[in-house]
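First the structure, in the form of structure tokens, and then the observations on it.
Nothing in this text is a laboratory measurement; each read-out follows from the coordinates by a stated rule. Just so you know, these numbers come straight off a predicted model, no measurement behind them. FYI the Cβ positions are ideal-geometry reconstructions off the backbone, even for glycines, and counts take in every protein chain you see.
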Amino acid sequence: MLTKGSNAWYNDLHTRSDESMIWNKKVECMNREDMRAIQSERLIQLVKNVYNHVPFYRKRMNEAGVKPSDIHSIDDLVKLPFTYKTDLRDNYPFNLFAVPMQDIVRVHASSGTTGKPTTVGYTKNDIENWREVVARCLSMSGIGKHDIMQISYGYGLFTGGLGVHYGAETVGCSVVPISGGNTRRQLQLMSDFGSTVLACTPSYALHLADALNENGYSLKNMKLKIGVFGAEPWTENMRVELEKKWGIRAHDIYGLSEVMGPGVANDCIYHSGLHVHEDHFFPEIVDPLTKEPLEDGNEGELVFTTLTKEGIPLIRYNTRDLSTLTHETCQCGRTSVRMKKITGRSDDMLIIRGVNLFPSQIEHVLLELGETSAHYMLYVDRENNLDTLELKVELDESQLTGTIRDLQNLSRKIEHALNSAIGLHVKVSLVEPKTIARSEGKAVRVVDNRKK
Ligand code: DLL
């Protein structure tokens, strides 16, 4: 990770007062009691609204034996039933909308790997609130009107491009809406325009960094100083890797289309968790099995209630993302609840011979060793009723000159490190650079052949 003194811009950011990076001080630094009062007031309105306008919620609440009059404060949230992705699918395309279609000004959809997409709708106010929360995220990343921001998230039905775009314009950046893909052009414009901020998935940021040399560029041609990375899980080790490769400070932006899109939470310069914009999105952590709420510090599924959304308000939406919460005030002065970097999704967890495994654990080990590239693909299979794991890892260009024995030793070293970290035998195959498929959006890192 970059340290003070190693880079001029980094010093500059750290000498600017933290206050200058707080977009909405009144809300982001509000005392906890006042925040709870706002949340309570908003929840009461929300519950009345969905009960009266969304037949799905009226039915769910009736089944659970809870009426809007039972909700007196945010503490009563636990009385309400959860909402799941399947509920959005079952109500495809617009049946969860709480306003008539003439009040919806934008629709986004997530493609989904199976079945129907999930659709979300935004009113004018929703778009304004989205703009506001993304502006808060970008400000806490140290981004402002002096920045040129290259947005390489996809524009279109995916919320990444347009979601970040509005917030970036709001904080006054010069926005380059290049969208995803076309690596060569990304690098050319980054160099020609002097982009200072790159917004894309962390896996695409890694791919772009690796593509610098072969496209005739080096860091010297670039003015990049900040990364706004999200839309997929990435480890702290990946942050270090990206900061080193690009000479930047890398921030984590979190969100999901059902709840809003990018901008639900973001980490500040202290990188000690992501500040949740809890006046709009109330978070809870629940036990993945029992669905009972968990105290701060315990890992579980992240659940959000949208406190201000008009188009498609959601009550206790279970994201399946795994995290923990803390309500301690951050060094930056913000009092907002923070969520820990997402470790994975409960439905992405692989169970291999009874052992729970998240792809992020593999990434952690590979980057900790630091002897290969960070590009990998995990193949899960079943032979004679036993689960098997094979990990293909790309070598760095520099390692191609080694002897076969060196490579065998390296494979064994990785197998050993994985075994100690996850308690499973993984067959490691080292493959040539650039042979594992790259993604311009969310990376696919697991092929589970047991499901075929
Ligand atoms: O990925 C929204 C987004 C766009 C967020 C750009 C950040 C930047 P969906 O396509 O609906 O929306 O996917 C949401 O992606 O439930 C998480 O599993 C994952 N995800 C999003 N951001 C992060 C992150 C967008 N920072 C799903 N860290 C979520 C880990 C993330 N996982």
Name the long-range amide H neighbours of residue 249: under 5 Å, sequence gap of 5 or more, or other chain; modelled H, no Pro or chain starts. 226, 227
Nonlocal amide H pairs with residue 447, under 5 Å, H built at 1.01 Å: 378, 379, 380
Per the Kirkwood treatment, what hydrodynamic radius in Å, one decimal, follows for the chain from the mean inverse distance over all distinct Cα pairs? 23.2
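Under 12 Å from the Cβ of residue 51, count the other residues' Cβ atoms, weight Lys and Arg +1, Asp and Glu -1, and hand me the total.
+4
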Could you give the length gained by full extension between residue 409 and residue 289, i.e. 0.36 nm per residue of separation minus their alpha carbon distance, to one decimal place? 39.1 nm
Report the extension gain between residue 368 and residue 32 in nm, rounded to one decimal, defined as 0.36 nm multiplied by the number of residues separating them, less their alpha carbon distance. 117.2 nm
In nm, spacing of pseudo-spin labels at residue 434 and residue 382 (7 Å Cα→C-beta vector): 3.9
Viscosity 1.306 mPa s, temperature 10 °C, Stokes-Einstein D of segment 358-451 from Kirkwood C-alpha radius, µm²/s: 115
Could you run the Karplus curve 6.51 cos²θ - 1.76 cosθ + 1.60 with θ = phi - 60° over segment 343-349 and give me ³J(HN,Hα) per residue in whole Hz, x for Gly and Pro? 8, x, 10, 4, 8, 9, 5
Full extension from residue 169 to residue 78: what is 0.36 nm times the residue separation minus their Cα-Cα distance, to one decimal in nm? 29.0 nm
So which of 392/434; 413/442; 124/145; 309/341; 67/340; 116/291 end up more than 22 Å apart, counting from Cα to Cα? 413/442; 124/145; 309/341; 67/340; 116/291
Phi to ³J(HN,Hα) by Karplus 6.51 cos²θ - 1.76 cosθ + 1.60 over segment 63-71, Hz, x for Gly, Pro: 4, 7, x, 10, 10, x, 5, 7, 9
Given R₀ = 35 Å, FRET efficiency for residue 419-residue 331 by Cβ-Cβ distance, to 0.05? 0.40
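What relative contact order, as a whole-number percentage, does segment 358-451 give when Cα pairs under 8 Å and 6 or more residues apart are counted?
Reported relative contact order: 37 percent.
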Quick one: if the Förster radius is 25 Å, what FRET efficiency do residue 52 and residue 116 give, using the C-beta to C-beta distance and rounding to 0.05? 0.40
Ratio of segment 280-343's C-alpha Rg to 2.2 N^0.38 Å, to two decimals? 1.15
Where the only charges are on Cβ atoms (+1 Lys, Arg; -1 Asp, Glu), what is the dipole of the chain about its Cα centre, to the nearest 20 debye? 700
Apply 1/(1 + (r/R0)^6) to the Cβ-Cβ distance of residue 215 and residue 63, taking R0 = 41 Å, and write down the FRET efficiency to the nearest 0.05. 0.10
